[in-house]
Structure formats: structure tokens, C-alpha cells
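Chemist: What follows is a single structure, and I will ask about it in a moment.
Read-outs: derived from the displayed coordinates by stated rules, not from any lab. The structure displayed is predicted, hence computed values, not measured ones. Virtual Cβ from ideal backbone geometry, glycine too; neighbours counted across all protein chains shown.
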Amino acid sequence: MSEGIFYIAYGESHYFREIKRSVESLRKHCDLPIAIFTDKNFQIDGCMSFLVETNSKYNDKFRLKLELLKELPFKQTVYVDTDTLFLDDPSKLFENNYDIAICRETRFGNNPEVLASWFNTGFFIANRNKRYENLIDKALFYWDEFDAGRLERPESSFADQFFINHAITRDLDLTLQVLPQKWNVRQPLLNVIEQPSLIHCHKIPEQYLT
């Protein structure tokens, strides 16, 4: 398939409750096909589910997610975390002039409107090509370097986000497009951005759920 939405859900039960809410919000704005990679017998009507094996030697949840992010199910893929709520149609973001389109990370603390220099990997659009695959291969390499004790763990922004950002800053061939921040509105920005396109937090304010 050429275009679609990609979720990864495994582990704790709250992720599966969140994904149902996210899909329901998405369906109000577009009818793109949805692929869910999961380790459970989990189905949502109208979505394709793919069972993930988690008992391999690389069963660490961060490395597993990176492995899955390399297997994009569509030529043009919107990847989105489960703790999200769509308020707009993400298909309008599809273009062929980038490898990955992504928002900056939000700073939690004072001055949240001053964005971080790194990127939040909870929502992005990727074109399935060699340059994107090379990016994720680099991220997997840096995970292995960390696992072997040759890469220091940062104080913040760990998990798959750290390794993808580490790879982005060392990738000389990647074409990256920075998306408007309304496409990844974290909790501190809820009172800053007036018309969010995507809210990304575990506790969605009630006014957005009606």
C-alpha cells in the first residue's frame, strides 16, 4: 500500500486503551489504512494487526521498537505513538521531497515555547527508502554501542528517541523536514498552541475529547 498510519503497541494494557482512543480520533479526519504491530491478540475494526515476536535475544523494548520502525508497512507512513489524539488530517503532510518529517521536542519546565534542538519521535512521517532505512540502521548501531557500554546514557530523552536523534545528527545524507509544532503538542504546549493538530500526552484534557 502507498500511504497509511502505523502504530506499535506491546506490553502494558494502558497502551491498548490509548490506541483505541487515538484511532477513534483519527477516523474523524481521514480513512487511511492503519497497521498495528502488537504482541497481543489485539484487533480494532478496520485496522490490520501484525503479531510481534518478543522472545528473541533482542527483546529489549527500545531496540525492538527500533527494529519495528525499520519495517514501515507503507511507502509513505505516518508513525504515531499510542498516547495521541488527532484533531486534523495527517494525510495532508505527505510529500516526496523529504525522507522524514518530524517535530521538535518540547521542553518540560520554564519557557516551553522555546523548543528543544532535538526531535520527538512520537509522531513523524517517513518515506520508505534507503536513506530512511540507513537512519534506523544507524540508530540500531548506537543502541548496540550503548548496550555494550561504549555509549553513555543521557540524562533525558532516552528510549528510541535518543538513538534516532543520535543518528540524525550523524547522518549526512538524510533530508529532514521540520513540521509545525501543532502536529506534536505535548502537555506544556497545550496553553501555547491555540489550534493543535495532534495532542501527544497520556492525559488528554476533557475539552478535546468531546
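Chemist: Which net charge results for the neighbourhood of Arg131, defined as the other residues with beta-carbon distances under 9 angstrom from its beta-carbon, given Lys and Arg at +1 and Asp and Glu at -1? The partial results should precede the final answer.
Modeler: Numbers: positive: Lys130; negative: Asp99, Glu133, Asp171, Asp173.
Local net charge: -3.
Chemist: Exposure proxy check: Phe141, Phe50, Phe124, Phe74 ranked by fewest other beta carbons within 10 Å?
Modeler: Values: Phe141 15, Phe50 12, Phe124 24, Phe74 20.
Ranked by crowding around the Cβ, least crowded first: Phe50, Phe141, Phe74, Phe124.
Chemist: Quick one: pull the percentage of alpha-carbon pairs in region 3-208 with a separation above 29 Å.
Modeler: Everything past 29 Å amounts to 21 percent.
Chemist: Also: When DSSP assigns beta bridges and you keep just the ones with both residues in the chain, what percent turn out antiparallel, to the nearest 5?
Modeler: Taking every DSSP beta bridge with both residues in the chain, the antiparallel ones total about 45 percent.
Chemist: Summing -39500 (n - 2.57) over the DSSP H runs of n ≥ 4 in the chain and dividing by its residue number, what mean residue ellipticity at 222 nm do you reach, to the nearest 500 deg cm²/dmol? Write out the running numbers ahead of the final one.
Modeler: Working: 4 runs with 52 residues, N = 210.
When only DSSP H runs of four or more count, the value is -8000 deg cm²/dmol.
Chemist: Under 17 Å from a point placed 7 Å out from the Cα of Glu194 along the Cα-to-Cβ direction: which residues of region 172-186 have their backbone N that close?
Modeler: Counting only backbone N, you get 181-183.
Chemist: May I ask for the net charge around Glu24, where only other residues with Cβ less than 12 Å from the Cβ of Glu24 are counted and Lys, Arg are +1 while Asp, Glu are -1?
Modeler: Working: positive: Arg17, Lys20, Arg21, Arg27, Lys28; negative: Glu18, Asp45.
Combined, the nearby Lys, Arg, Asp and Glu give +3.
Chemist: So, one more: Please compute the length gained on full extension between His29 and Glu113, using 0.36 nm multiplied by the number of residues separating them and subtracting their Cα-Cα distance.
Modeler: Fully extending the segment from His29 to Glu113 adds 27.5 nm.
Chemist: Let me ask something else. Just check region 135-189 against the gyration tensor rule for me: Cα atoms, a ≥ b ≥ c as the square roots of the eigenvalues, rounded for a/c under 1.5, and otherwise prolate or oblate depending on whether a/b exceeds b/c. Working shown, then result.
Modeler: Numbers: a/c = 3.20, a/b = 1.44, b/c = 2.23.
Verdict is oblate for region 135-189.
Chemist: Then there's this: Hey, what's the per residue convex hull volume over the C-alpha atoms of region 1-121, in cubic angstrom?
Modeler: 139
Chemist: Still on this structure, please answer the following. Taking N as the number of residues in region 165-210, what is its Cα Rg relative to 2.2 N^0.38 Å?
Modeler: In units of the 2.2 N^0.38 Å rule of thumb, it is 1.53.
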